Amino acid sequence: MVMMKGEQWSNLGSTMAAIMFVYAMFRQYFPPQLHDYIFRYGKKLSNFMYPYIHVTFDEFIGERMKKSEAFSAIQNYLSDKSSANAKRLKADIVKDSQSLVLSMDYNEEITDEFNGVKLWWSANRTTPKTQQFSFYPGADEKRFYTLKFHKRDRQVITGIYLSHVLKQGKAIAADNRQRKLYSNGAGQGWLGNRSSTTWTHVAFEHPATFDTLAMDEKKKREIKKDLVTFRNGKEYYAKIGKAWKRGYLLYGPPGTGKSTMVAVMANFLNYDVYDLELTTVKNNVELRRLLIETSNKSIIVIEDIDCSLDLTGQREEKKKKKKKDDKNEEGDPISAMSKNEERKESEVTLSGLLNFIDGIWSACGGERIIVFTTNHVEKLDPALIRRGRMDKH
C-alpha cells in the first residue's frame, strides 16, 4: 500500500514536470498572437467546465472613504445562518450588552438556499503582503464577502435574492440596534505620532426624554412635531432638491439644558450621536472625511461653537500675534521648536465648516441633524447660523 502511494506521488511529480516543460517550450517558440488565441479559448473551456459565478462585496467603497451598506446588511443576514451552520464563529455583544451575535469567521463558508436555489457565502480578508518598518501606520486589511452560485441561477440571484438579503439584513440591524455616542480623537501611529482623527464610540444610555424635560409644553410640542416631520420627510427633501438634513442652534447660559436637549432628541428619534470636537481636527479635508464616516439617522453635535475655534474676527488677530512671537524666537531654535510642538492649532476655517454643514459634501448621506450649542450667540458669525443652516433657533 505504501509502495503504491509512493508510485502515485512519483507519477504526479513527473506529470507536473512534463507540463511545465511543454509550457516553457510553448512560450518560447510560439508567436504571441497564438498565445492570446489559445488562452482565450482555454478560458472558454474553463468556464464551461466550471459553471459557477463569484460576486464580491467589499467592506469599503469609493477608495475606502465610506463603508458599504451592502456589506453591513450581508453581515447581519449571515449572522443567523452562521450560528446554525458555520463551524468557526466570531462573537460580538450588542444591545445594552445583553445580546450575543455570532458571525462566521474568516475563510469559513456556509450554504444558503432560496426558492430551491443553492448558493454559498464565504467571509474573507486580505492583509498587506509586505511588512515594512515605517513611522506611519501600515495599510489596513481588506475584508469582503464572496457569493458563489451556478450560472443557470443568475436571474434569481441578481433579481430577487440579493434584494431579499439586503432587506433582511437591514431588518436584523434595526432589531439589534444599540444607540452609540461617537467622539473624534487623534489616532496614534508608530512612536505615538498623531496621524489622523477617527471616530470611537460607547453605548449611548442617557435617560433624558421629552417627558422628563423641564420645558414649556407648547415649545416642547413644537419641537417634537418638527422632528417627526423631518424624520418622515425623505420624499419632501428629494422633491425640493435639498440634502436630507436639518440644523438646530441651542443657545443660552450654562446649565440651561442644551446638552440634555441633544440627548432628548436622540432618544426620541432613536438616532446615534456624533460629538464633534473641532480642536482635534487638523484641517478642512479631515473635517470632510469625518462627515463621510458618520452614519445616517444621526445627530452631529458641535458644543460651545463659540469656543471651539476662532470663527470670528479674533482669529486674524491671533495669527498676527503668532507671527510676531515666531519672529522673536528666531534666535532660539530649540525654544521655538518646543513651543511649536505645543501649539499645533487646527486649520479648520469658517468656509470649511460652512461647506461641512450645507455644502456639496453635506449631501453624502441623509437623515442627519446638525446641532450647535453656544453660551454667546451674539459672538457667532451670521453666516454660520442663518436660516437654512441652522433651521431652528
Across the range 357-374, what is the total count of residues that are out of contact with any helix residue (DSSP H, G or I) (no Cβ under 6 Å at 6 or more places or on another chain) and open to solvent by 50 Å² or more (accessible area, probe 1.4 Å)? 2
Sort out which residues of the range 352-386 are farther than 15 Å from I300 by Cβ and not in a helix (DSSP H, G or I), and write them in order of number. T374, N375, H376, L380, D381, R386
Residues located in the range 194-236, provided they are hydroxyl-bearing (S, T, Y) and more than 30 Å from E347 (Cα to Cα): T209, T212, T229, Y236
Can you find, within the range 81-93, the residue that is nearest to I172 (Cα to Cα) among those that are part of a helix (DSSP H, G or I) and at pLDDT 70 or above? K81
Is one or more of the residues making up the range 298-310 more than 16 Å from L353 (Cα to Cα) and either loosely packed, with under 12 Cβ neighbours inside 10 Å or of a type in the set (S, T, Y) (or both)? yes
Looking only at the range 145-184, and only at residues there that are within 14 Å of Q75 (Cβ to Cβ) and assigned to a strand (DSSP E or B), the one that is farthest from the chain's Cα centre (by Cα): L147
Hits in the range 236-290 (condition: in a helix (DSSP H, G or I) and of a type in the set (D, E, K, R)): K239, K258, E286, R288, R289
Looking at the range 264-279, I want the residues that are not assigned by the TED database to the domain that holds L290 and have a partner that is assigned to a helix (DSSP H, G or I) and at pLDDT below 95 with Cβ atoms under 9 Å, at least 6 apart or on another chain. Which pairs are those? none
Scanning the range 222-239 for residues that are aliphatic (A, V, I, L, M) and within 28 Å of the chain's Cα centre (by Cα), which turns out surrounded by the most Cβ atoms within 10 Å (Cβ to Cβ)? L227
Flag if L100 is modelled with pLDDT of 80 or more and either acidic (D, E) or not assigned by the TED database to the domain that holds T294 (or both): no
Can you confirm whether K344 is modelled with pLDDT under 75 and not in a helix (DSSP H, G or I)? yes
Can you tell me which residue in the range 61-80 is most open to solvent (accessible area, probe 1.4 Å), limited to those that are among the basic types (K, R) and modelled with pLDDT under 75? R64
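The values are calculated or read from the model by the stated rules, or taken from the named source; none is laboratory data. What you see is a predicted model; the values in this text were computed from it and never measured. Quick reminder, even Gly has a Cβ in these numbers, built from the backbone with ideal geometry, and neighbours come from all protein chains shown. These area figures cover heavy atoms from the full protein model, side chains too; ligands, DNA and RNA do not enter into them. Shrake-Rupley method; radii C 1.70, N 1.55, O 1.52, S 1.80 Å.
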